[in-house]
Amino acid sequence: MNTNSLESIEHSALAFNQTMASSSASRKRTKKVMVKQVEQYESDDNNESGFLARWFDGNMEGINEYHREFSRKAFVNPKFLRMEFLKNENLNQVADLLKCQRLERFVKLSRNIYPDLVKVFLTNMWIDEGVIYSQVKGVDMAITDEVWLSVASLRDAGTIVSRANVADLGGFDKVQFFKACLRNPNSSIRSYSVGGLSIIPRLVAYIVICLLTPRGFNHVVLTEDDLILMYCLINKIKVNWISVIKKQLFRIRKKP
C-alpha cells in the first residue's frame, strides 16, 4: 500500500468518525466514500488481472500461459563483468579471450531490469527465420541482426557449438580438458567442480555459467555444455554467441 492511498483511506476514516454524531444518512454517505476509496486502491494496485491485461494487451491465451509457465518462476538477476577489474587484477589473458570472441560489450551490459516484463516477453516470444519476436504492452518487438550488433556488438557468425558437433571443435575431450584446467592436473576427478580450477579457467567458468548461459542453481558443478563453451573460449574457437543466447532463451521458454 503506498503512502498516498493510505493517507486517503485514513482521512476518510477520520471523517467517518467525526460524523458519528450526525444523522444516519450522513453516516451512510461517509462510509460509502471510505469503502469506495479502499476498493479503488485494491482495484488499481492489487488486481493482478488488471496489470496482466495491460501487459498482454488483453490476450487471454498469453495471460493463461504466463500463469502456467512464469508467474511463480524465480527471476535470476543478470550479472555483469567490469573490464577494469580484469585490468586492475592483471587478468589481461581473460580480457583477450573475451575480445577474441567480441564479447567485451555483452559481458559488461548493465541496465535497469523489470523482471515481470521480462517474463511477459518470454511468454510471448517466438522465432521465425532466425529472428526472435515478442510483444509487451501491445508493442511488437523484433531482435534482428541489427539489434544484436547495436546493443551487444554481436554478429550472427562463427561456429554453432553443441554436444552434437564436438568432433568439429579440434579434439575436445571432456576429461582431458577439465584436468588441464585444474590447479593440480594429476588429481583424480570425483566431479566437474569449479573449486579445483586454476584462476583463468575459473574466471572463464564464471563467465559461462553466470553471464553467457546463466542459471539459478548449481553454479559449482560444470555441465558438459559449460565445458564445451569454456573449451572454445580458452582455445579461441570463434563461437556464434547469438545462437548460444537464443538456445538459452528458448531453454528457459521451454520451446524447441
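Extension gain for residue 69-residue 162 works out to 30.9 nm (0.36 nm per residue, less the C-alpha to C-alpha distance).
A crude spin-label estimate for the pair residue 180 and residue 137, with each label 7 Å from Cα along the Cβ direction, gives 4.9 nm.
Taking a threshold of 24 Å on the Cα-Cα distance, which of the pairs 179/247; 73/247; 73/99; 87/179; 119/236 fall above it? Provide the component values of the computation, followed by the final result.
On the way: 179/247 28 Å; 73/247 19 Å; 73/99 34 Å; 87/179 27 Å; 119/236 34 Å.
Flagged as over cut-off: 179/247; 73/99; 87/179; 119/236.
Taking other C-beta atoms within 10 angstrom as a stand-in for reagent exposure, 123, 213 fall in the order 213, 123, fewest first.
In order along segment 200-212, the Karplus-derived 3J(HN,Hα) couplings, from 6.51 cos²θ - 1.76 cosθ + 1.60 at θ = phi - 60°, round to 5, x, 5, 5, 4, 4, 4, 4, 5, 8, 10, 10, 8 Hz, and Gly and Pro are given as x. Label point of residue 199 set 7 angstrom out along Cα-Cβ; within segment 63-93, amide nitrogens under 12 Å from it belong to 86-93. Computed extension length for residue 105-residue 188: 26.1 nm, one decimal, from 0.36 nm per residue of separation with the Cα-Cα distance subtracted.
FYI, it's all coordinate maths here, none of it is from the lab. Fair warning: this is a prediction, and the values are worked out from it, not measured in the lab. Virtual Cβ from ideal backbone geometry, glycine too; neighbours counted across all protein chains shown.
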